[in-house]
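A short worksheet on the structure shown next.
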Amino acid sequence: MTDTRQVVVVTGGTRGVGAGIARSFLAAGARVVICARRPPDKPVEEAGGTAEFRPLDLRDAAAVTAFFGQVAADYGAVDSLVNNAGGTPFGLLAESAPARQAKIIELNLLAPLHASLGAYEVMRGQESGGTITMIGSVSGTRPSPGSGAYGAAKAGLENLAGTMAVEWAPAVRVNTVVLGLARTESAALHYGDEEGIAQVARTVPLGRLADPSDVGDACVFLASDRARYISGAALRLHGGGERPAFLSAASVNH
């Protein structure tokens with residue numbers, strides 16, 4: 001990063017992938033603000049720096065706008081936003097209440113929209129502009145049984161980022177990191193015990209799940225001057241993708 005004291009906001013930066021992103025920016029020398037409804041269990045620290053936690057309900061548009069204005073007033077700028085907050089429990093569409101699906105879409109699509117608009121109001125007035133990075137998902141690029149509303153929201157998020165990249169250029173660059181399978185504190189909820197996680201990892205061409213630091217390093221790059229001509233892009237961060245199911249089902253060895 002050109003200015004090692006850039007101000008970076010990471011939504012949902014209190015744990016998992018979000019905390020990994022925050023640590024990568026701290027390691028790059030940035031000043032990091034993390035926000036979520038609840039504080040982290042322990043401070044998010046790296047390389048002698050500590051991310052500042054501020055409580056925020058990202059579904060409250062007015063509160064989000066006020067949040068970014070206050071961060072800019074306190075730090076002097078908002079240089080980068082990483083829209084990481086999101087997620088979903090497993091649930092088949094026909095077995096889930098419509099209100100539950102609506103909340104999933106609200107968290108994974110509307111909340112990043114609110115945050116991006118709040119950040120843009122600050123960034124548009126800065127000489128250096130700013131960057132916004134969406135944390136998408138491979139669930140938004142293919143059928144996503146068990147997380148249909150989540151996949152639809154993530155597909156919409158990537159499309160939204162592309163539109164923002166056009167409307168907000170040249171002041172603000174907007175990109176998406178399309179994340180595959182990741183190992184976090186909650187991996188066991190999705191993949192089972194250690195053996196289950198290992199089996200899932202073997203389906204990834206690179207042989208392992210993504211570490212939060214892998215995501216963080218990609219976000220630092222996209223926020224840096226080395227990515228100064230990258231906007232409206234979707235970076236597939238999935239370790240090579242998924243082996244087509246028909247190859248495993250076929251009787252011919254491949």
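General observations
- Loop sites here are trypsin sites (Lys or Arg not before Pro) outside DSSP states H, G, I, E and B with no more than 13 other Cβ atoms within 10 Å. The longest part of the chain free of them is 38-123.
- When you filter the GluC sites (Glu not before Pro) in the range 75-176 for DSSP loop state and at most 10 other Cβ atoms inside 10 Å of their Cβ, you are left with E127.
- Calculated P(r) of the range 1-149 - Cα pairs past 28 Å, %: 21
- Carbon plus sulfur fraction of accessible area for the chain, probe 1.4 Å, in percent: 54
- Quotient of C-alpha Rg and 2.2 N^0.38 Å, computed over the chain: 1.01
- Of A94, A161, A73, the one that fluctuates the most in a GNM where the chain has Cα springs shorter than 10 Å: A94
- Anisotropy class of the range 1-88 from Cα gyration tensor, a/c 1.5 cut: oblate
- Neighbour cut-off at most 13 other Cβ (10 Å), DSSP loop, chymotrypsin sites (Phe, Trp or Tyr not before Pro), the range 1-90: F90
- DSSP H segments from the chain that extend 20 Å or more along their own axis, Cα-based, with Kyte-Doolittle mean of -1.0 or above: 61-75, 148-167
- Accessible surface area normalised per residue over the range 23-106 is 52 Å², counting heavy atoms of protein chains with a 1.4 Å rolling probe.
- Per-residue ³J(HN,Hα) for the range 36-44, Karplus 6.51 cos²θ - 1.76 cosθ + 1.60, θ = phi - 60°, Hz, x for Gly and Pro: 5, 6, 10, x, x, 5, 8, x, 8
- Each stretch of four or more DSSP H residues adds -39500 (n - 2.57); spread over every residue of the chain, this sum gives -11500 deg cm²/dmol at 222 nm.
The values are calculated or read from the model by the stated rules, or taken from the named source; none is laboratory data. Computed from a predicted model, the values in this text were never measured in an experiment. FYI the Cβ positions are ideal-geometry reconstructions off the backbone, even for glycines, and counts take in every protein chain you see. To get the accessible areas, we keep the full protein, side chains included, count just its heavy atoms, and leave off ligands, DNA and RNA. Shrake-Rupley method; radii C 1.70, N 1.55, O 1.52, S 1.80 Å.
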